[in-house]
Amino acid sequence: MSVLNWLGGALITAAVAVSGQAAAQTSLKVVAPWSNLNAYGKVEQPFWSKKFGELTGGQVTAQVTSYSELGLSGVELLRLAKLGVFDIAHIVVGYSVADDPVIEGLELSTLIQDIPTGQKALDAYRPAVAETLLKKHNLVLLGAYPNPSQVLYCREPVKSLADLKGRKVRFYGASMNDFISAAGAVGVSVPLAEVVPSLQRGVVDCGITGTLTGYSFKWPEVTKNLYTMRFGWGLTLIAASKAKWDALPKDRQEATRKAVGTLEQELWALAASDDKAGLDCNTGRAACAYGAPAAMALTEPSAADEAERKRILQDVVLKKWAARCDKACVEQWNATVGKVAGVTAAP
């Protein structure tokens, strides 16, 4: 299904807006990430299709589709959402950072190494993200959540960060490329759905994606080693078209915000459990809840790797990101995310 066909259907089936005190049921068109991700099948699709309407008392309902069904790679989402193609969109930050360095500040590569720190950083930075979404993109921030941590899958063994030198690594997002390039690798941009054949053909030697995402997309069939430095978290924003949002009565806005807050909590909890499940399923170190376990070798970063991560983060990733942002942006980030993470970006 193309975006244009889907949008045409949305316009035909969209519910009628408010008339006086008696308002017709409002139906929203929602797009969420790839359909073969666990989050979509387990939480996002059932939430928007059923639970959302229940939580809003039936006044607001939703029809949800995925990037996969629309043939989207993910990089288009922020622009399409800004154009009002969707009423509510799940926007994966790492795929859209070229459009806004303020938003990019949430997902700077290797900055966050655990979920509790990520939660604190998001809480501190949420007002800045909401402001830039509204002012630059005509979007209203409703929620944000991580996916399982983004780790490195390789065809050949990785014993340390130094082993990346000379390897071709699939990445997404500017700061991820900044990091792996500084580590001596060659960044190659490949859509998620095309990574497995790229690994098979030697277009790339390694790829970065989520612990459970890689398992779901069958990466263990073409890779042998899992290196668990956290290169990102697939952080995803849930945002509404401002035009659609402004057309909703206040009580329906409030009901929608409250319902999405429930979704956000569910997705944070799922990310934590699926992060571990992905490692278990890829390596067979424990029972796999999602299918037959693979037998990948697992390498955890050493103390030397951690020291090198901090050096590259400070000297390369933050420096290059600060050059993409302005002084006010950097100062705001330092007072929020930087303070939580214990690092400072130089304006």
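Restricting attention to region 253-287 and to residues that are hydroxyl-bearing (Ser, Thr, Tyr) and under 28 Å from residue 241 (Cβ atoms), the residue that is surrounded by the most Cβ atoms within 10 Å (Cβ to Cβ) turns out to be 256. Just one of (1) part of a helix (DSSP H, G or I); (2) closer than 21 Å to residue 180 by Cα; (3) not β-branched (Val, Ile, Thr) fails for residue 268. It is (2). Residues in region 146-174 that are of a type in the set (Ser, Thr, Tyr) and farther than 19 Å from residue 73 by Cα were compared, and the one that is surrounded by the fewest Cβ atoms within 10 Å (Cβ to Cβ) is 160.
Can you say whether residue 292 is farther than 17 Å from residue 155 by Cα and assigned to a helix (DSSP H, G or I), as far as the supplied structure shows? No.
When each of 122, 152 is tested for being of a type outside the set (D, E, K, R), at pLDDT 95 or above and either more than 27 Å from residue 40 (Cβ to Cβ) or in a helix (DSSP H, G or I) (or both), the lone residue that passes is 122. Any residue that is touching a Pro at 6+ places or on another chain (Cβ under 9 Å), over 27 Å from residue 270 (Cβ atoms) and not hydroxyl-bearing (Ser, Thr, Tyr) - is there at least one of those in region 183-197? No: zero hits. Among the residues of region 288-309, those that are farther than 15 Å from residue 164 by Cα, of a type outside the set (A, V, I, L, M) and surrounded by 13 or more Cβ atoms within 10 Å (Cβ to Cβ) comprise 288, 290, 293. If you go through region 207-225 and keep only what is over 25 Å from residue 105 (Cβ atoms) and within 20 Å of the chain's Cα centre (by Cα), you end up with 212, 214, 215, 216, 217, 218, 219. Criterion applied to 73, 49, 27 was being part of a loop (DSSP other than H, G, I, E, B), of a type in the set (Ser, Thr, Tyr) and either modelled with pLDDT of 85 or more or under 25 Å from residue 249 (Cβ atoms) (or both), and the one residue passing it is 73.
The values are calculated or read from the model by the stated rules, or taken from the named source; none is laboratory data. Owing to the predicted nature of the structure, the values given are computational and were not obtained by experimental measurement. Heads up, the Cβs are rebuilt from the backbone with ideal geometry, glycines too, and the neighbour counts pull from every protein chain shown.
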